[in-house]
1. Any chance you could count how many residues in segment 3-43 are over 20 Å from T68 (Cβ atoms), at pLDDT below 95 and of a type outside the set (A, V, I, L, M)?
2. Can you find, within segment 27-41, the residue that is nearest to T57 (Cα to Cα) among those that are hydrophobic (A, V, I, L, M, F, W, C) and open to solvent by less than 60 Å² (accessible area, probe 1.4 Å)?
3. Does A24 satisfy being surrounded by 13 or more Cβ atoms within 10 Å (Cβ to Cβ), small (G, A, S) and not in a loop (DSSP other than H, G, I, E, B)?
4. Restricting the search to segment 42-56, which residues are open to solvent by 50 Å² or more (accessible area, probe 1.4 Å) and farther than 16 Å from R9 by Cβ?
5. Residue pairs, Cβ under 9 Å, 6 or more apart or interchain, first in segment 1-24 and closer than 20 Å to A47 by Cα, second open to solvent by 100 Å² or more (accessible area, probe 1.4 Å) and part of a helix (DSSP H, G or I). List them.
6. Can you tell me which residue in segment 47-71 is farthest from G27 (Cα to Cα), limited to those that are aliphatic (A, V, I, L, M) and at pLDDT 95 or above?
7. I'd like the full set of residues that are touching a helix residue (DSSP H, G or I) at 6+ places or on another chain (Cβ under 6 Å) and not hydrophobic (A, V, I, L, M, F, W, C), limited to segment 11-32.
8. Restricting to segment 11-21, name every residue that is part of a loop (DSSP other than H, G, I, E, B) and of a type in the set (A, V, I, L, M).
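The values are calculated or read from the model by the stated rules, or taken from the named source; none is laboratory data. This structure is a prediction, so every number in the text was calculated from the model and none was measured. No Cβ is skipped: glycine too gets one built from the backbone with ideal geometry, and neighbour counts run over all protein chains shown. Remember, those area values only see protein heavy atoms, side chains included, never the ligands or the DNA or RNA. Shrake-Rupley method; radii C 1.70, N 1.55, O 1.52, S 1.80 Å.
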Amino acid sequence: TDRYGRALRYVVLTDGSNYSTVAAGAGMARAYTYKGQQLSEAANIVAAQSTAQQAGTGLWGPPCYGQTVPN
């Protein structure tokens, strides 16, 4: 749960894949662990993000280059 008491869950797509992993692999999401919670899919999401970063995919490519916070 997060600080507001909401249950945090994974979304599983109809093909059985994890939405968070797919989104991170497409460069459309960042890996994030709330308050150090141990998450079963965390390593897969981080690996997918790393692949997207290395390929310069999505937010890791132009024009963002991983900078998603306004200057």
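1. Going through segment 3-43 one residue at a time, the tally reaches 12.
2. Going through segment 27-41, the residues hydrophobic (A, V, I, L, M, F, W, C) turn out to be 28-29, 31, 39.
Then drop every residue that is not open to solvent by less than 60 Å² (accessible area, probe 1.4 Å), which leaves 29, 31.
Details: A29: 11, A31: 15 Å.
Going through the qualifying residues, I end up with A29.
3. Values: surrounded by 13 or more Cβ atoms within 10 Å (Cβ to Cβ): yes; small (G, A, S): yes; not in a loop (DSSP other than H, G, I, E, B): yes.
In short, yes.
4. First, the residues of segment 42-56 that are open to solvent by 50 Å² or more (accessible area, probe 1.4 Å): 43-44, 46-47, 51, 53-55.
Correct list: A43, V46, A47, T51, Q53, Q54, A55.
5. Y10/Y19; V11/Y19; V12/Y19; L13/Y19
6. If we filter segment 47-71 for residues that are aliphatic (A, V, I, L, M), which is where we start, we get 47-48, 52, 55, 59, 69.
Subsequent filtering for residues that are at pLDDT 95 or above retains 47-48, 52, 55.
Numbers: A47: 12, A48: 9, A52: 5, A55: 9 Å.
Out of the qualifying residues, it is A47.
7. S20, T21, G25, G27
8. First, the residues of segment 11-21 that are part of a loop (DSSP other than H, G, I, E, B): 11, 13-17.
Answer for segment 11-21, where residues must be part of a loop (DSSP other than H, G, I, E, B) and of a type in the set (A, V, I, L, M): V11, L13.
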